[in-house]
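Read the structure below first, then the notes.
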Amino acid sequence: MAGMVDMTAFKEPVIILTAAAIVVPLFHRFKISPVLGFILCGIILGPSGLGELAVQYPWLNAFTIQDRASIAMMAEMGIVFLLFAIGLELSFERLNMMRKVVFGLGSLQLGVSAIAIFAVCYFFLGTTGTGAAVIGLALSLSSTAVVLQTLAEQKRLTSPTGRGAFGVLLFQDLAVVPILFAVSMLAPDRMGLGVGGLVQSLAIAVLAVALTIVIGRIVLRPLFRQAARTRSPEIFMAACLLVVIATALGSAAAGLSMALGAFLAGLLLAETEYRREVEATIEPFKGLLLGVFLVSVGMSVDIGKVLERPLEIVGAILGLIAVKAAVVATLGPSFGIKRPAAIKAGLILGPGGEFAFVVLGLATSLSVLPAEQADFALLVAAITMCLIPLLGRYGMQATNTKLPLEAEEKDLAQQASQTDSPHVIVAGYGRVGVVAVELLAEQKIPYIAVDSDIDRVRRARKAGKKVYLGDASRGEFLRACGIERARALVVTMDGGSAVDQVVTAAHLEQPNLPIVARSRDAAHAVHLYSLGVREAVPETLEASLQVGEAILVESGVPMGNILVAIHEKRASMRASLLEASTSATPSERMRVLRDQHLKGNS
């Protein structure tokens, strides 16, 4: 019948959205990582959970996902968006500073872990040499998606633990192509072939990376400039999605992982004025799609097989984590990562990763590895991935030196960007914002300035100022600017309603954040004080004070007396404005904030 909708086509998205709507708030309430919640949903709703019972109870088909492949593309896009977001947090300069960790610690971790796992499989488990080599390479890889998400939740991405873990993960992503090629060379019908194919594959990979960087530097800025000038959120979002998907597909076409291409695109955008707005735009996509990936990980855990061989599986899990954690904990200090941070990084890198599914799947299809051994290794990888959030929390507790985070990060403080430490956010880069930024820069106070006018932002960037394009009245954009770490917010926009919207959004995000706001006149200043700003600066009153100061100077009053008189007059005016704004109760102020926020969004 025309117009009928195939409801089964929407089953998986509806299940994922339902899980996200229920799991994330529930686990957040009990202060449990949502990562565990999504993985648990995958275990329960997957083919080895309720899906297994659907044969006897057909009505369960509506609530279960029978085939992991049905969500495989959405799951991979979750990793793609995550790596793009991580690229935005870095830059080529900061990546260059990490080169010793990436290529030094990363290569040693991969090589030593693979050899150790190979030795255990070959000498103690009776696996063939070829099979042991494949399992060693596959299980030496860690989970980029789960590790980075766990570190982000713990706010440890910029700590030594986070930097060490990320450096190792980045090298692993780069090594996936040679590993896949090596596995394909181990196939019975291809043994003994030369290294020409490997050289060719590596040459194509290097060329693809170089083209992505060159084309990105040429295309990205003009693309986002045109999108920003439309002042249409939909067009800007379309540009973001185009860049992520196009670079991911281009990377895949060259034989690289889709995530690596997206990561390069993020790096290219990290130094531009669009970074913060892009980060705020893709955040919802990243969160939802990453949830799909975590659900797919849970679907890989077959409870029945675990119950069949519990001791072997538990032993393999503990052995894998212990071997890989020991490698990182031992080698980390040689690359500038202090012992406690190296131990924490080792614990979260100890479990298996998503690329183990790719490597072992290829090995099985080419008859390099028996299906039974591959399934066992995949089960170990999947279960250990489920343990990453718990290992991350345990690592923080076990190595707690009772030092603040700033002390832990001291050895890498020079590598951190200004936004890694408390900074001032300046909303509006007009004539008032320019002066505020200059004063902050003179006092060497870290700042982020934002403005919605792309031409104004471009001029500031050319002048070397740290100014970004974006709408500061959006909570997600303020989070992208690090409002949780900000020491203050300065609102300098010209329009009264625009100032109100930014103040409202900021207070809903961080109620105790000190806010200094520009106001049109005394009445607007009273209104801003009622919204909770720390200082409201009325233009009309400041102009009158400047006039009064000039008159006193011309009248021959000593400068010291003038400064005292102006200061006392300003304090008196401020006290009057504050008194006029204190009639509202705290609950009424919060209601005004919410009403103002809803008004601004309508």
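For the reader, a short list of remarks on this structure follows.
- Leading residue by the ranking (farthest from residue 293 (Cα to Cα)) among those in the range 338-382 that are open to solvent by less than 10 Å² (accessible area, probe 1.4 Å) and not in a helix (DSSP H, G or I): 369
- Residue 83 vs. criteria among the aliphatic types (A, V, I, L, M), open to solvent by less than 60 Å² (accessible area, probe 1.4 Å), more than 19 Å from residue 20 (Cα to Cα) and under 19 Å from the mean Cα position of the chain (by Cα): yes
- Every residue from the range 33-74 that is of a type outside the set (Val, Ile, Thr), buried (at least 24 other Cβ atoms within 10 Å of the Cβ) and part of a helix (DSSP H, G or I): 37, 38, 41, 42
- Residue match in the range 318-334 (condition: closer than 27 Å to residue 303 by Cα, assigned to a helix (DSSP H, G or I), among the hydrophobic types (A, V, I, L, M, F, W, C) and open to solvent by 50 Å² or more (accessible area, probe 1.4 Å)): yes
- Residue ID - farthest from residue 472 (Cα to Cα), chosen from residues in the range 265-302 that are assigned to a helix (DSSP H, G or I) and among the aromatic types (Phe, Trp, Tyr): 293
- Inside the range 109-143, residues that are part of a helix (DSSP H, G or I), in contact with a Phe, Trp or Tyr (Cβ under 7 Å, 6 or more places away or on another chain) and under 23 Å from residue 387 (Cβ atoms) make up a count of 2.
- Qualifying residue in the range 416-423 (condition: crowded, with 22+ Cβ neighbours inside 10 Å, at pLDDT 85 or above, closer than 30 Å to residue 519 by Cα and touching a Phe, Trp or Tyr at 6+ places or on another chain (Cβ under 8 Å)): yes
- Residue within the range 288-309 that is under 23 Å from residue 86 (Cβ atoms) and surrounded by fewer than 20 Cβ atoms within 10 Å (Cβ to Cβ) present: yes
- If the condition is being open to solvent by 10 Å² or more (accessible area, probe 1.4 Å) and touching a residue at least 24 places away in the same chain (Cβ under 8 Å), then the range 112-135 contributes 112, 114, 116, 117, 120, 127, 130, 133, 135.
- Counted residues, the range 452-506 - those being surrounded by 19 or more Cβ atoms within 10 Å (Cβ to Cβ), of a type in the set (Asp, Glu) and more than 19 Å from residue 228 (Cβ to Cβ): 1
The values are calculated or read from the model by the stated rules, or taken from the named source; none is laboratory data. Predicted model only: the values in this text are computed from it and were never measured. Heads up, the Cβs are rebuilt from the backbone with ideal geometry, glycines too, and the neighbour counts pull from every protein chain shown. All accessible areas refer to the heavy atoms of the entire protein, side chains included, with ligands and DNA or RNA removed. Shrake-Rupley method; radii C 1.70, N 1.55, O 1.52, S 1.80 Å.
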